[in-house]
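J.: Dropping a structure here in structure tokens format, bear with me for questions.
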Amino acid sequence: MWNKLVLTALTFFLAGPALAQQAPAGPRAAAPTQTQPVETPAESVVTVAGVIQDAVTGLPLEGVYIKQQDSLNAAFSKAGGVFEMRLMRGFSSSLIFSREGYEPVALPFQNSTDKLRIQLQPLSTYRPTLAPAHSKPDSAPNNRVFGDNFSLFYQMNYSLLADQNVFSNGFALNEMGLDTDLMLFYPLIMRGHFYRGRLPVDIANFPFQPAFFINTLQAKVGAGWVKDLEPGLQLYLGGDILFHNQSPDNRSSQDQSPVAFTGSIMDYEQNRLSLGGRASLAWKITDRLSLFPDLSLYPVGLNFVKNSTGSPIHYLLAGDLGIKGRFEIIPGVYAVANYNTQLWYGVGANYLNNVHFFNLGVSVDPWTLAAKLQ
């Protein structure tokens with residue numbers, strides 16, 4: 001037994017170094033080390049400050065609304081146009097500057113600034129009202145003066161004629177006529193003026209007066225374009241045709257040939273046809289009162305004279321100058337007054353005919369009136 005104990009002790013003694021080499025190393029305590037602090041950059045804040053001015057006058061603007069785009073961050077400029085705005089992170093870096101009556105401005109900012117100068121451009125045609133598409137038809141501002149209308153009028157005229165050695169003048173009353181403007185689509189407009197009259201002619205030393213009458217029929221038609229010059233002021237430019245017929249009733253009872261009572265062109269039937277241009281202004285002075293100056297020139301014209309002893313065709317120069325006033329009684333119904341003078345000159349035949357017209361009437365815009373009555 002003693003021998004076994006000695007052998008066992010000897011075995012452990014010899015195997016101890018080998019077992020020590022194969023045993024896993026246990027955890028070792030590391031020496032303490034000194035840590036270095038980590039520096040993080042501070043958040044950058046963009047602040048924008050400056051002055052807002054009117055671009056035309058240079059005056060400071062108070063009450064300008066300043067808003068950071070796509071955010072609720074907003075402010076107003078103060079007295080003297082001074083403002084200061086701090087941009088919020090996470091949103092657009094653009095600021096929008098806006099005020100009623102001025103064009104809005106959007107500007108991006110990446111860095112802070114305190115000496116900014118913003119100039120807002122005023123709107124030249126600004127009106128503090130809703131657009132017609134967003135207003136009631138009866139309250140929307142209507143700045144068009146030309147438009148659809150049909151006018152019936154009572155007319156009188158004063159006529160003068162100088163033909164060679166013959167000079168005559170006189171009044172004619174009780175003439176009736178129609179004046180119309182038809183706007184097919186804006187800005188194209190068709191215009192027409194028609195009247196029929198009867199001019200009495202007195203002959204000195206004739207047994208009865210008037211000696212005869214001259215029946216008159218006139219048609220003036222044209223078409224053109226309307227141009228807006230500014231709110232309440234429009235210009236019309238177009239072409240015009242003027243047809244004027246004069247037919248005296250001085251026919252002989254025997255052969256129906258004209259009797260030469262005056263010895264002038266008045267004794268013969270005339271058909272005057274003139275081509276030219278027309279320019280008109282439409283000026284809306286107040287909500288109810290409008291004026292329409294008008295000028296027509298006809299450089300090309302012919303006068304076809306029937307049964308004349310001379311040339312049956314005369315070359316004509318003609319013109320028409322006038323002004324019309326219109327006053328609104330109710331929407332779509334107007335009172336109108338017009339004065340105009342027409343002048344014809346027969347080139348070669350050497351006669352001059354000048355007629356002054358004055359008429360009063362009532363004008364109706366059917367579409368405006370129908371809309372009001374609904």
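J.: Ranked by Cβ crowding within 10 angstrom, fewest neighbours first, how are Ile96, Ile118, Ile329 ordered?
T.: Exposure proxy ranking, most exposed first: Ile329, Ile96, Ile118.
J.: Need the list of aspartates and glutamates near Lys67 for cross-linking: C-alpha distance under 19 angstrom, and skip anything on the same chain fewer than eight residues off.
T.: Hits, sequence-local ones excluded: Asp54, Glu84, Glu100, Glu103, Asp114.
J.: Taking the beta-carbon count within 10 Å as an exposure proxy, list Leu120, Leu235 from fewest neighbours to most.
T.: Fewest to most other Cβ atoms nearby, the residues stand as Leu235, Leu120.
J.: Sort Trp344, Trp225 so that the residue with the fewest other Cβ atoms within 10 Å of its own Cβ comes first and the one with the most comes last.
T.: By the 10 Å Cβ count, ascending, the order reads Trp225, Trp344.
J.: Skipping prolines and chain starts, which residues have an amide H placed within reach, meaning under 5 Å, of the one on Gln119, given they are 5 or more residues away or on another chain?
T.: Correct list: Gln53.
J.: Just to confirm a number: summing +1 for Lys and Arg and -1 for Asp and Glu over residues other than Arg191 whose beta-carbon lies under 13 angstrom from that of Arg191, what do you get?
T.: -3
J.: For Glu175, which sequence-distant residues (separation of 5 or more, or a different chain) have an amide H within less than 5 Å of its own amide H, given hydrogens modelled in the peptide plane?
T.: Residues meeting the amide H criterion: Gln155.
J.: Arg89 to Arg196: extension gain in nm, 0.36 nm per residue of separation minus the Cα-Cα distance?
T.: 30.5 nm
J.: Over the range 276-368, what relative contact order in percent results from Cα pairs under 8 Å that are six or more residues apart?
T.: Worked out over the range 276-368, it gives 22 percent.
J.: Could you give each residue of the range 282-295 its phi-based ³J(HN,Hα) in whole Hz, using Karplus coefficients 6.51, -1.76, 1.60 with θ = phi - 60°, and x for Gly or Pro?
T.: Karplus values, whole Hz, x for Gly and Pro: 10, 10, 8, 6, 10, 4, 10, 9, 9, 10, 9, x, 8, 9.
Values in this text are rule-based calculations from the coordinates and carry no lab data. These numbers were taken from a predicted model, which means no experiment stands behind them. Cβ atoms come from the backbone with ideal geometry, glycine included; neighbour counts cover every protein chain shown.
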